[in-house]
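The values are calculated or read from the model by the stated rules, or taken from the named source; none is laboratory data. Values in this document were obtained by computation on a predicted structure and should not be read as measured data. Every residue, glycine among them, receives a Cβ derived from its backbone with ideal geometry; neighbour counts consider all protein chains shown. Accessible surface is based on the protein model in full, side chains and every heavy atom, while ligands, DNA and RNA are left aside. Shrake-Rupley method; radii C 1.70, N 1.55, O 1.52, S 1.80 Å.
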Amino acid sequence: MGRTTIRRAVPDDAEGIARVHTTTWQTAYRGVLPDGFLAALNWERRAEGWRRALVEAPAGGDAVLVTIGPEAGEVVGFILTGPARDEDLRQRDFVELYAVYVRPAEWGRGVGQDLLDASLADVTAPGVMLWVLEDNPRARRFYERAGFAPDGVTRTETFGDRDVAELRYVKRLP
(Lines give C-alpha, C1' and ligand atoms only; values in the text may rest on other atoms or scores of the structure.)
Protein backbone atom coordinates (compact mmCIF):
# COMPACT_ATOMS: atom_id res chain seq x y z
CA MET A 1 0.00 0.00 0.00
CA GLY A 2 1.21 3.51 -0.76
CA ARG A 3 0.99 6.55 1.44
CA THR A 4 -2.12 7.10 3.56
CA THR A 5 -3.44 10.18 5.31
CA ILE A 6 -5.07 10.32 8.74
CA ARG A 7 -7.46 13.19 9.42
CA ARG A 8 -10.61 14.08 11.29
CA ALA A 9 -13.73 12.61 9.66
CA VAL A 10 -16.18 14.85 7.81
CA PRO A 11 -19.77 14.10 6.74
CA ASP A 12 -18.62 13.13 3.23
CA ASP A 13 -16.70 10.23 4.82
CA ALA A 14 -19.91 8.59 6.11
CA GLU A 15 -20.28 6.15 3.21
CA GLY A 16 -16.65 5.05 3.37
CA ILE A 17 -16.79 4.61 7.15
CA ALA A 18 -20.00 2.59 6.83
CA ARG A 19 -18.51 0.35 4.15
CA VAL A 20 -15.40 -0.34 6.25
CA HIS A 21 -17.55 -0.87 9.36
CA THR A 22 -19.87 -3.38 7.66
CA THR A 23 -17.21 -5.26 5.71
CA THR A 24 -14.97 -5.58 8.75
CA TRP A 25 -17.79 -6.96 10.92
CA GLN A 26 -18.77 -9.44 8.22
CA THR A 27 -15.18 -10.65 7.89
CA ALA A 28 -13.84 -10.48 11.45
CA TYR A 29 -16.91 -11.91 13.16
CA ARG A 30 -17.70 -14.74 10.71
CA GLY A 31 -18.18 -17.86 12.81
CA VAL A 32 -18.40 -15.80 16.00
CA LEU A 33 -21.67 -13.95 15.39
CA PRO A 34 -24.69 -15.54 13.66
CA ASP A 35 -24.44 -15.66 9.86
CA GLY A 36 -27.93 -14.17 9.49
CA PHE A 37 -27.02 -11.23 11.74
CA LEU A 38 -23.89 -10.49 9.71
CA ALA A 39 -25.67 -10.89 6.36
CA ALA A 40 -28.33 -8.39 7.46
CA LEU A 41 -25.77 -5.64 8.11
CA ASN A 42 -26.35 -2.88 5.61
CA TRP A 43 -23.75 -0.23 4.85
CA GLU A 44 -26.37 2.17 3.44
CA ARG A 45 -28.23 2.27 6.78
CA ARG A 46 -24.97 2.64 8.66
CA ALA A 47 -23.91 5.46 6.33
CA GLU A 48 -27.01 7.43 7.25
CA GLY A 49 -26.22 7.04 10.96
CA TRP A 50 -22.60 8.03 10.44
CA ARG A 51 -23.61 11.03 8.34
CA ARG A 52 -25.95 12.27 11.09
CA ALA A 53 -23.28 11.75 13.74
CA LEU A 54 -20.65 13.62 11.75
CA VAL A 55 -22.99 16.51 10.86
CA GLU A 56 -24.26 16.95 14.40
CA ALA A 57 -20.72 17.36 15.75
CA PRO A 58 -19.87 14.56 18.11
CA ALA A 59 -21.22 15.14 21.60
CA GLY A 60 -19.27 14.77 24.79
CA GLY A 61 -15.85 14.93 23.19
CA ASP A 62 -16.24 12.02 20.78
CA ALA A 63 -13.67 12.06 17.99
CA VAL A 64 -13.64 10.20 14.68
CA LEU A 65 -10.45 9.91 12.63
CA VAL A 66 -10.21 8.25 9.24
CA THR A 67 -7.35 6.84 7.22
CA ILE A 68 -7.60 7.81 3.58
CA GLY A 69 -5.91 5.45 1.14
CA PRO A 70 -3.81 6.61 -1.79
CA GLU A 71 -6.10 5.04 -4.40
CA ALA A 72 -9.04 7.34 -5.16
CA GLY A 73 -8.87 8.87 -1.68
CA GLU A 74 -11.14 6.26 -0.12
CA VAL A 75 -11.61 5.55 3.58
CA VAL A 76 -9.66 2.43 4.52
CA GLY A 77 -10.03 2.68 8.30
CA PHE A 78 -11.52 4.68 11.13
CA ILE A 79 -11.33 5.08 14.89
CA LEU A 80 -13.92 6.50 17.29
CA THR A 81 -13.04 7.60 20.82
CA GLY A 82 -14.81 9.48 23.58
CA PRO A 83 -15.40 9.51 27.32
CA ALA A 84 -15.48 6.10 29.02
CA ARG A 85 -19.04 4.83 29.43
CA ASP A 86 -18.22 2.43 32.29
CA GLU A 87 -18.99 4.26 35.52
CA ASP A 88 -15.88 3.12 37.41
CA LEU A 89 -13.56 4.42 34.67
CA ARG A 90 -15.66 7.47 33.77
CA GLN A 91 -15.16 8.69 37.34
CA ARG A 92 -11.41 8.48 36.71
CA ASP A 93 -11.69 10.41 33.41
CA PHE A 94 -10.65 7.52 31.18
CA VAL A 95 -11.11 7.68 27.42
CA GLU A 96 -12.93 4.85 25.66
CA LEU A 97 -11.96 3.43 22.31
CA TYR A 98 -15.43 2.73 20.93
CA ALA A 99 -14.37 1.44 17.53
CA VAL A 100 -11.30 0.85 15.41
CA TYR A 101 -11.90 -0.83 12.09
CA VAL A 102 -9.67 -1.25 9.07
CA ARG A 103 -10.72 -2.65 5.72
CA PRO A 104 -9.75 -6.36 5.75
CA ALA A 105 -7.54 -5.95 2.66
CA GLU A 106 -5.37 -3.59 4.75
CA TRP A 107 -5.01 -5.83 7.83
CA GLY A 108 -1.43 -6.33 8.94
CA ARG A 109 -0.15 -3.22 7.17
CA GLY A 110 0.03 -0.88 10.18
CA VAL A 111 -3.12 1.13 9.38
CA GLY A 112 -4.79 0.24 12.68
CA GLN A 113 -1.69 1.06 14.70
CA ASP A 114 -1.29 4.39 12.88
CA LEU A 115 -4.93 5.25 13.65
CA LEU A 116 -4.52 4.28 17.30
CA ASP A 117 -1.32 6.31 17.64
CA ALA A 118 -2.90 9.37 16.02
CA SER A 119 -6.01 9.09 18.16
CA LEU A 120 -4.11 8.77 21.43
CA ALA A 121 -1.42 11.36 20.63
CA ASP A 122 -3.20 14.21 22.40
CA VAL A 123 -5.04 12.28 25.09
CA THR A 124 -4.36 13.69 28.54
CA ALA A 125 -6.52 11.16 30.40
CA PRO A 126 -4.86 8.72 32.81
CA GLY A 127 -5.89 5.79 30.66
CA VAL A 128 -7.87 4.31 27.78
CA MET A 129 -10.31 1.42 27.87
CA LEU A 130 -12.14 -0.68 25.30
CA TRP A 131 -14.32 -3.77 24.96
CA VAL A 132 -13.29 -6.64 22.70
CA LEU A 133 -14.98 -9.94 21.91
CA GLU A 134 -13.31 -12.75 23.83
CA ASP A 135 -13.47 -14.84 20.65
CA ASN A 136 -11.54 -12.32 18.55
CA PRO A 137 -7.90 -13.35 18.87
CA ARG A 138 -6.71 -11.07 16.05
CA ALA A 139 -8.08 -7.93 17.74
CA ARG A 140 -6.90 -9.06 21.17
CA ARG A 141 -3.34 -9.52 19.86
CA PHE A 142 -3.49 -6.07 18.23
CA TYR A 143 -4.56 -4.40 21.49
CA GLU A 144 -2.05 -6.34 23.57
CA ARG A 145 0.80 -5.31 21.23
CA ALA A 146 -0.37 -1.71 21.71
CA GLY A 147 -0.05 -2.02 25.51
CA PHE A 148 -3.65 -2.83 26.46
CA ALA A 149 -4.37 -5.67 28.91
CA PRO A 150 -7.56 -7.27 30.23
CA ASP A 151 -8.47 -5.88 33.64
CA GLY A 152 -10.70 -8.79 34.67
CA VAL A 153 -14.04 -7.11 33.91
CA THR A 154 -16.31 -9.02 31.52
CA ARG A 155 -19.80 -8.68 30.10
CA THR A 156 -22.10 -10.57 27.78
CA GLU A 157 -23.66 -8.98 24.71
CA THR A 158 -26.34 -10.48 22.48
CA PHE A 159 -26.07 -10.32 18.70
CA GLY A 160 -28.98 -11.87 16.88
CA ASP A 161 -29.69 -15.01 18.87
CA ARG A 162 -26.15 -15.48 20.21
CA ASP A 163 -24.64 -14.35 23.50
CA VAL A 164 -20.96 -13.52 23.28
CA ALA A 165 -18.45 -12.68 25.98
CA GLU A 166 -16.56 -9.40 25.90
CA LEU A 167 -13.44 -8.50 27.83
CA ARG A 168 -12.54 -5.04 29.03
CA TYR A 169 -8.99 -3.98 28.15
CA VAL A 170 -7.24 -1.02 29.75
CA LYS A 171 -4.07 0.90 28.96
CA ARG A 172 -2.58 3.32 31.44
CA LEU A 173 -1.07 6.41 29.87
CA PRO A 174 2.03 8.20 31.14
Review point. Of the conditions (1) in contact with an Asp or Glu (Cβ under 7 Å, 6 or more places away or on another chain); (2) among the aliphatic types (A, V, I, L, M); (3) touching a residue at least 40 places away in the same chain (Cβ under 8 Å), Leu167 fails just one. Which one is it?
Key: (3)
Exercise for review: State all residues of the stretch 73-88 that are open to solvent by less than 10 Å² (accessible area, probe 1.4 Å) and either more than 13 Å from the chain's Cα centre (by Cα) or free of Cβ contacts under 8 Å to residues at least 60 places away in the same chain (or both); if no residue qualifies, say none.
Suggested key: Gly77, Ile79, Gly82, Ala84
Study note, to complete from the structure: Those residues of the stretch 119-130 that are aliphatic (A, V, I, L, M) and modelled with pLDDT of 95 or more come to a total of 3
Review point. Which of the residues that make up the stretch 89-134 are among the acidic types (Asp, Glu), exposed (fewer than 14 other Cβ atoms within 10 Å of the Cβ) and part of a loop (DSSP other than H, G, I, E, B)?
Key: Asp93, Asp122
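From the list Trp25, Trp50, exactly one residue is within 15 Å of the chain's Cα centre (by Cα) and at pLDDT below 95. Which is it? Break it down into steps so the answer makes sense when it comes.
Values: Trp25 fails: at pLDDT below 95.
Only one candidate qualifies: Trp50.
Taking Ile68 as the residue in question, decide whether it is touching a Leu at 6+ places or on another chain (Cβ under 8 Å) and open to solvent by less than 60 Å² (accessible area, probe 1.4 Å). So that I can check it myself, show each step before the final result.
Numbers: touching a Leu at 6+ places or on another chain (Cβ under 8 Å): no; open to solvent by less than 60 Å² (accessible area, probe 1.4 Å): yes.
No, not satisfied.
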Practice item. Output the residues belonging to the stretch 1-54 that are surrounded by fewer than 17 Cβ atoms within 10 Å (Cβ to Cβ), in a helix (DSSP H, G or I) and not polar (S, T, N, Q). Key: Pro11, Asp12, Asp35, Gly36, Phe37, Ala39, Glu44, Arg45, Glu48, Gly49, Arg52
